[in-house]
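A.B. asks: Sharing a structure here in structure tokens format.
What follows draws every value from the coordinates through simple rules; no lab data is involved. Because the structure is predicted, anything quoted here is derived from the model rather than measured. Cβ coordinates were reconstructed from backbone atoms using ideal geometry, including for glycine residues, and neighbour counts include every protein chain displayed.
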Protein chains: 2
Amino acid sequence: MTTNQPYLHPTLIITAAHVLTCDDSMSYFSPGAIAISNETVVIVGDKKDILEQFPDTDITDLGNKVVMPGIVNTHTHVPMTLLRGLADDLRLDVWLMGYIMPVEREFVSPEMCYLGTKLACAELFRSGVTTFADMYYFEHEIAKATAEAGMRALCTESILKFPAPDAASYDDSLAYTREYIQEWQGHSLIVPGIAPHAPYTTTPEILKASRDIAVEYDVPFQIHLAETQREVEGVQAEYGARVIQYMHKQGVFEAKTLAAHCVHVDDSEIALMAEHNVGVLHNPTSNLKLASGVAPVQKMINAGVNVGVATDGPASNNDLDMFEEMRLAALLAKGINHDPVALPAKDAIRMATINGAKAIHMDHITGSLETGKRADLIAVDISTIHNAPAFRRDPNGIYAQLVYASKSTDVTDVMVNGAWTMRDKDLQTLDEDALLAEAAEFAHKVDVFLLERESSVRRKLVAIGGVEYQESFEVQAKAKITSIEALTEQLNDADKVTILKHKHYRQYDTYFYFDAPETDFLRLREDELVGEDGKAQDFRYRLTLIGPSDEQIQDGSLLISRSRYIAPSTHTLRFYREYFRPVSEHTVTKDRLRWRIVYRGVEFAVNIDNLTEPQLGHFLEIKSRTWSQRDAKDKAAVMRDLLALLGIEPEAVIARHYIDLSQDAQP
Amino acid sequence: MTTNQPYLHPTLIITAAHVLTCDDSMSYFSPGAIAISNETVVIVGDKKDILEQFPDTDITDLGNKVVMPGIVNTHTHVPMTLLRGLADDLRLDVWLMGYIMPVEREFVSPEMCYLGTKLACAELFRSGVTTFADMYYFEHEIAKATAEAGMRALCTESILKFPAPDAASYDDSLAYTREYIQEWQGHSLIVPGIAPHAPYTTTPEILKASRDIAVEYDVPFQIHLAETQREVEGVQAEYGARVIQYMHKQGVFEAKTLAAHCVHVDDSEIALMAEHNVGVLHNPTSNLKLASGVAPVQKMINAGVNVGVATDGPASNNDLDMFEEMRLAALLAKGINHDPVALPAKDAIRMATINGAKAIHMDHITGSLETGKRADLIAVDISTIHNAPAFRRDPNGIYAQLVYASKSTDVTDVMVNGAWTMRDKDLQTLDEDALLAEAAEFAHKVDVFLLERESSVRRKLVAIGGVEYQESFEVQAKAKITSIEALTEQLNDADKVTILKHKHYRQYDTYFYFDAPETDFLRLREDELVGEDGKAQDFRYRLTLIGPSDEQIQDGSLLISRSRYIAPSTHTLRFYREYFRPVSEHTVTKDRLRWRIVYRGVEFAVNIDNLTEPQLGHFLEIKSRTWSQRDAKDKAAVMRDLLALLGIEPEAVIARHYIDLSQDAQP
């Protein structure tokens, strides 16, 4: 018996061969019983005692199963269940900016969030979860779907410094969040909350405004913290502090804080979190899969931090299986610390139940089977083949069995808030077949959208944003030269040539080629503006998708007409390589002296280029924009004269692109 | 279609929405079909093509499932399924020497191996395994049970330098192995082999003799290699080489070698294994759970080593779930290398199938669905909730789904050698209920055995071996003294005192106390023999279980009678602490000047002790062995005179043990 206070009269008694309470002393009754009055646990104890104490109560006997507190999944993004397996084995930036964000921009809606939540609840029940902590958009829909499923959750609304699927600005998000909190506060299943996304997607102002709302309504404040080394370095560079210290400075910890990930935290940060009762949400699979690293869980536990386990969203996991996370948390702590006694099974079970509830600030409601808490419980069938045999001489054996041998599919029954949501593997509140069909339909739409995008490089370029379309029509000619100095002198001294501008660049061009020869190719240009001292003064990165060209020879010059899509190049070469997956790649590097001149009333760009990779030597290149065949013809004639003026014979003129010359030169 | 050679006429065609072949080009047919003739794959291809080619053949349609090659579990100890969860969250030495080995000594028998194998086969089929590689004792029984279950396996018989459960010496093991190989060679399901256990449990002679047998019969040679850092250091110290180099020097790689674990191997060792076609068996869960570390799998794959995945024995896992291992292998490679594109899902599937078969030198038989190979295949139901939704635009998506989302419990059908062993989750060749009942009975016996052992410290001591029993009966007295020098002088100068021996020790004693006050206590004594230069010359470690004593005061001296169990202390203090789990621990450290003297015809030990921890000061202690009450009385009288001779007043004599004085002095 766990207490001696006067009891409510129970409406139901559940009995089973093994009852784990996850109370402070990890009481374990075998056989045990739980007396429940509607949604509340009356008392937990030995089966015989409970049955004697309440003789006329309905009994549900769960036989040889283990009955234990429902599992708490402390960090997830439930609607992202609809994005499970969307794209895998990619770098974080390619995955996020190349796939997840474009698809979210297109598909996240109240309906998607509602459907995704119901789908997730079905999977969560099947794996023994009775409470989860969510962070996404349209949390109102998520809360609604969760409550309808009979699931318990902390639903925290995301706040971002960028426009989000459910808000044009963060002000809108804050307004939405206030209204959302007011609507759901006091609900029997839902705890609302606020979730500024992460240090790198918010500002100090957003953090403070979010904290104020959390404190005002006394609701939890969830945030992703110290997930990657890159984030740690970014915060250090921008705010001169480690991530947890930065949060502390913004007064975030005045709120009931939940910190997801905490992979890269040092001892002082751990101490700070312990001091301020910050709950840490450990996501072992996601942190491995995205190569973020392994959080120092044992250290945090030793320091007194409440650490829960979590799946993260199924787009980076790819499931909601808390048995897998529990097991992986226990295994990783040992393997990484070279300590086989680190994070024993009993502690892993604690993390998945009561400590998870503490970490999300909901332990007054759930996380253990104790008098006065809500009846959130599960039954686990330990008679399956992978559970056999079982040794019973060591009372901790039952925890080791659950963590190291049992599977989520051994969960047979789930009760949330005193109501069964799964009985003998049958979901009671959700229509699984309908959800599967709707999810398949959603995935098909996403596949069509992505297939269309993948079918053309242009669509993939558009998907990552900021593209500008240009039609270009230009005349150009080039010639091999031997002396830069002589030509430069001629250009500066030539009569009738007016020099408008002169610049010196180093240009690094990478060309991506794709499968079909007639398709576009993509150029990533990195321009270094070189000062008089020879040092780089400025940089410019540009991504240009160059469409198939229509080319003619015009008086020895090339007349080129083509379309271009120009985008700022904000990612790395590696990002683009992995995102666009070119079949081949080609690099051209040159040193360019560039003049903008006027000659006989026509504006020309004159380049004296030193092709350094591949080493093709020096070239003169003259170009001019044009608007019509007639204009092109006129300009080609003027260009021929300009070439002559600069001492270039007509037969020396080459009507080729550098990239073609460069490819000819390759082995 | 995978080949164009003339075909056998098929006896069965299996069709499914997705057919993965795991052939060299990872051909994937959707929908696909496999034509089978008895136990052999005739051809794999598009469903339409196959059905047209063989119109009058029986068809088994597996609907929307994935059909793929059966999974290869490349390293396990199947009978140890019966030891699943025997003891967890312990250090390797405590786990192995404190639990696994004592239980194996008591319970490993032909019957145990037979039962454990059948139990394992049931679990293996349920998780999609069609081939495993085993290493244990009584491999004949294991092969027999495996063949009866209709499972395919490489069964390698263990060779150890110590007596094993199935052989009194390694010569016996070698003889057994020859006979065993001769009996099973050429069997349709079983490949026999030999398995010298590990570098630290064999000798160069055993390795060479085993290699000779493997080469003579052309059978695989399996061994545990470079599992722990400690093993690496041991081999370095003993043979002056790294583990793989040491093996190479013994000529081991002339055999078809399988190396389990390879956690601690460097680049040169990896190159050596690649050169000699050594298959590596990667055990991610076991290596984390026992805190051995993480094997450099991506490096080995890059170097061209055939790396398979494995569960290891269920005593250190604690299951035989290859879906978990596949997933963990893929996740760990990313998380540990900080590279999210390391070991993508397709490679993980390859490791679990064809590369596993290559690693165990059985790829001519199994591991892929290709013309001429045996029909070893499984069906995976990907319509379960944790598999939804599925994106199909990327052909690698199917691999990601299997690795990151599917579970072993999604396996519905298993065929080995053309025969169904599981249909729609029903085992066809094994009686699961009977196996569960027999396993439960076995576990109960082990529990009884261990409970009895755990009930007394003596039994636990005996379980780890080398114990010697003594009854002791001695008279002793001690007194607090102030000057060592004066007393030493008196002793040396005293008339009638003959000094036989004199030594100087530093003694470190740790006492373990247990729950009930009347039980025994255990003393770990570390003796440092100190030379004239004050430096330690020799060490001695001794473990003494001191039984409850019968004590009387005899002329101011203590007359003590008690039993002792003395064992060499071959493990660390930490080992004993974790193995015996004392409720409290007490340390006494002293500097001891010891004389063995004869006084009035009686032999005495005279100790002048400086108690340094706790700091209790100096004591004179005199002891003599005795045989009877009468003799004890006489000796006590002589001892009183000796004390007087040394200037000790009768009232200064203390009838206490140091440990008691020491405990009195503690706060």
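A.B. asks: For the Cα atoms of chain B, what angle does the longest principal axis make with the long axis of helix B:432-454, in degrees from 0 to 90, nearest 10?
C.D. replies: It is inclined by approximately 10 degrees.
A.B. asks: Same structure, new question: To the nearest 10 degrees, how steep is helix A:170-184 against the longest Cα principal axis of chain A, on a 0 to 90 scale?
C.D. replies: 20 degrees
A.B. asks: Normalise the Cα radius of gyration of the protein assembly as shown by 2.2 N^0.38 Å (N = residues in it) and let me know the number. List each step's numbers first, then the result.
C.D. replies: Values: Rg = 38.3 Å, N = 1334, 2.2 N^0.38 = 33.9 Å.
Compared with the compact-globule rule of thumb, the protein assembly as shown sits at 1.13.
A.B. asks: How big is the Rg/Rh ratio for the stretch A:23-126, C-alpha atoms only, Rh by Kirkwood, two decimals? Working shown, then result.
C.D. replies: Working: Rg = 21.7 Å, Rh = 17.9 Å.
My calculation of the ratio gives 1.22.
A.B. asks: Please find the FRET efficiency linking residue A:485 to residue A:93, where r is the Cβ-Cβ separation and R0 is fixed at 45 Å, and quote it to the nearest 0.05. Write down the numbers at each step before the final one.
C.D. replies: Details: r = 45 Å, r/R0 = 0.99.
Efficiency for this residue pair is about 0.50.
A.B. asks: Now for a different question. Please state the shape class of chain B: rounded when a/c is under 1.5, otherwise prolate if a/b exceeds b/c and oblate if not, all from the C-alpha gyration tensor.
C.D. replies: Prolate.
A.B. asks: Could you state the number of Å between the C-alpha centres of the stretch A:80-115 and the stretch B:93-109?
C.D. replies: 50 Å
A.B. asks: Taking a point 7 Å out from Cα toward Cβ as the label site, list the nm distances between residue B:205 and the same residue in every other copy, smallest first.
C.D. replies: Those label-point separations list as 8.3 nm.
A.B. asks: Quick check on the exposure proxy: order B:460, B:480 from fewest to most C-beta atoms within 10 angstrom.
C.D. replies: Details: B:460 20, B:480 15.
Arranged by neighbour count, lowest to highest, B:460, B:480 become B:480, B:460.
A.B. asks: Additional query: Any idea what the residue B:277 label distances to the other copies are, label 7 Å down the Cα→Cβ vector, nm, shortest first?
C.D. replies: 6.6
A.B. asks: Could you give the size of the charge dipole of chain B about its Cα centre, using +1 on the Cβ of each K and R and -1 on the Cβ of each D and E, expressed in debye and rounded to the nearest 20? The partial results should precede the final answer.
C.D. replies: Values: 65 positive and 97 negative charges, 250 e Å.
I would put it at about 1200 debye.
A.B. asks: Alpha carbon centre of the stretch B:281-308 versus the stretch A:127-174: separation in Å?
C.D. replies: Comparing the Cα centres of the stretch B:281-308 and the stretch A:127-174, I get a distance of 40 Å.
A.B. asks: Could you state the angle between the C-alpha long axis of helix B:484-493 and the longest principal axis of the C-alpha atoms of chain B, as a value from 0 to 90 degrees rounded to the nearest 10?
C.D. replies: 70 degrees
A.B. asks: Further question on the same structure: Can you work out the FRET efficiency for the pair residue A:441 and residue B:59, with r the C-beta to C-beta distance and R0 = 22 Å, to the nearest 0.05?
C.D. replies: Values: r = 30 Å, r/R0 = 1.36.
So, using R0 = 22 Å, E works out to roughly 0.15.
A.B. asks: State to the nearest 20 debye the size of the charge dipole of the stretch A:457-665 about its Cα centre, where the only charges are +1 on K and R beta carbons and -1 on D and E beta carbons.
C.D. replies: On the way: 31 positive and 34 negative charges, 136 e Å.
Here the stretch A:457-665 has a charge dipole of around 660 debye.
A.B. asks: Now for a different question. Nearest 500 deg cm²/dmol is fine: what mean residue ellipticity at 222 nm does chain A get from its DSSP H runs of n ≥ 4 alone, each adding -39,500 (n - 2.57), divided by its residue count? Present the calculation step by step, with values, prior to reporting the outcome.
C.D. replies: Numbers: 21 runs with 218 residues, N = 667.
One gets -9500 deg cm²/dmol as the mean residue ellipticity at 222 nm.
A.B. asks: Could you give me D for the stretch A:93-165, from Stokes-Einstein at 20 °C and 1.002 mPa s, where the hydrodynamic radius is the Kirkwood radius over C-alpha pairs? Units µm² s⁻¹, please.
C.D. replies: Working: Rh = 13.0 Å.
The Stokes-Einstein estimate is 165 µm²/s.
A.B. asks: Would you kindly work out, in nm and rounded to one decimal, the distances from the label point of residue A:459 to those of the same position in each other copy, ordered shortest first, with label points 7 Å along Cα-to-Cβ?
C.D. replies: 7.2
A.B. asks: Now for a separate question. Averaged across the residues of B:86-96, what count of C-beta atoms belonging to other chains lies within 10 Å of each residue's C-beta?
C.D. replies: Values: counts 6, 6, 15, 16, 3, 3, 1, 1, 2, 1, 0.
Average per residue, whole number: 5.
A.B. asks: Moving to a separate point now. For labels at residue B:633 and residue B:502 in the simple 7 Å Cα→Cβ model, what's the distance in nm?
C.D. replies: 3.6 nm
A.B. asks: As a footprinting exposure proxy, order A:129, B:638 by other Cβ within 10 Å, with the fewest listed first.
C.D. replies: Result, fewest neighbours first: B:638, A:129.
A.B. asks: Calculate, in whole percent, how much of the Cα-Cα pair population of the stretch B:521-591 lies beyond 16 Å. Each step should come with its number before you reach the end.
C.D. replies: Details: 1571 of 2485 pairs.
Value for the stretch B:521-591 (Cα pairs over 16 Å): 63 percent.
A.B. asks: Between A:632, A:653, A:622, whose Cα lies farthest towards the positive end of the dipole of the stretch A:457-665 when Lys and Arg beta carbons carry +1 and Asp and Glu beta carbons carry -1, centred on the Cα centre?
C.D. replies: Value computed over the given set: A:632.
A.B. asks: Next up: Evaluate the stretch B:137-254: find the radius of gyration of its Cα atoms, find its Kirkwood radius, and give the ratio Rg to Rh. Walk me through the numbers on the way to the answer.
C.D. replies: Details: Rg = 14.6 Å, Rh = 14.7 Å.
Radius of gyration relative to Kirkwood radius: 1.00.
A.B. asks: Another one. May I have the convex hull volume per residue, in Å³, for the Cα set of the stretch A:462-536? Don't skip to the end; give the middle numbers.
C.D. replies: On the way: hull volume 15.6 nm³, N = 75.
Convex hull of Cα atoms, per residue: 208 Å³.
A.B. asks: Can I get the semi-axes of the stretch B:457-665's equivalent ellipsoid? Compute them from the C-alpha gyration tensor as square roots of 5 times the eigenvalues, in angstrom, largest first.
C.D. replies: So the equivalent ellipsoid measures 29, 20, 16 Å along its semi-axes.
A.B. asks: Let me ask you something else. Once you have the Kirkwood Rh of the stretch A:61-209 from its Cα pairs, apply Stokes-Einstein at 10 °C and 1.306 mPa s and quote D in µm²/s. Before the final figure, lay out the partial values.
C.D. replies: Details: Rh = 16.2 Å.
D, rounded to a whole number, is 98 µm²/s.
A.B. asks: Can you compute the charge dipole magnitude of the protein assembly as shown about its Cα centre, using +1 on each Lys and Arg Cβ and -1 on each Asp and Glu Cβ, nothing else charged? Give it in debye, rounded to the nearest 20.
C.D. replies: Dipole size: approximately 2000 debye.
A.B. asks: Using Cα centres only, tell me the gap between the stretch B:588-667 and the stretch A:395-454 in whole Å.
C.D. replies: With the stretch B:588-667 and the stretch A:395-454 each reduced to a Cα centre, they are spaced 73 Å.
A.B. asks: Here is a further query. One quarter of the convex hull surface, Cα atoms only: what value does that give for the stretch B:340-448 in nm²? Present the calculation step by step, with values, prior to reporting the outcome.
C.D. replies: Numbers: hull surface 41.9 nm².
Averaging across all directions leaves 10.5 nm² for the Cα convex hull.
A.B. asks: Let me ask something additional. When a footprinting reagent is the concern and you count Cβ atoms within 10 Å, what order do A:221, A:512, A:162, A:132 take, fewest first? Working shown, then result.
C.D. replies: Numbers: A:221 25, A:512 22, A:162 11, A:132 28.
With the fewest neighbours first, A:221, A:512, A:162, A:132 line up as A:162, A:512, A:221, A:132.
A.B. asks: Additional query: Using +1 at the C-beta of Lys and Arg and -1 at the C-beta of Asp and Glu, which of B:483, B:665, B:499 has the Cα lying farthest in the positive direction of the dipole of the stretch B:457-665?
C.D. replies: Projecting each Cα onto the dipole axis, the largest value belongs to B:499.
A.B. asks: Output the pairs from A:358/A:425; A:289/B:346; B:496/B:623; A:249/A:334; B:299/B:358; A:346/A:425 with a Cα-Cα distance over 23 Å in this structure; if there are none, say none. Can you show the working numbers first?
C.D. replies: Working: A:358/A:425 28 Å; A:289/B:346 15 Å; B:496/B:623 18 Å; A:249/A:334 34 Å; B:299/B:358 17 Å; A:346/A:425 26 Å.
Checking Cα-Cα distances, A:358/A:425; A:249/A:334; A:346/A:425 exceed 23 Å.
A.B. asks: To confirm my reading of the symmetry, which residue of chain A has the Cβ nearest the axis that brings A onto B, and what whole-Å distance does it have?
C.D. replies: Residue nearest the A-to-B axis, with distance in whole Å: A:409, 2.
A.B. asks: If you don't mind, there's one more thing I want to ask. For chain A, what is the relative contact order in percent, using Cα pairs closer than 8 Å and at least 6 residues apart in sequence?
C.D. replies: On the way: 1463 pairs, mean separation 82.8, N = 667.
Once divided by the residue count of chain A, the mean separation gives 12 percent.
A.B. asks: Residue A:663 to residue A:553: FRET efficiency via 1/(1 + (r/R0)^6), r the Cβ-Cβ distance, R0 22 Å, to the nearest 0.05?
C.D. replies: Working: r = 20 Å, r/R0 = 0.90.
According to the calculation, E is roughly 0.65.
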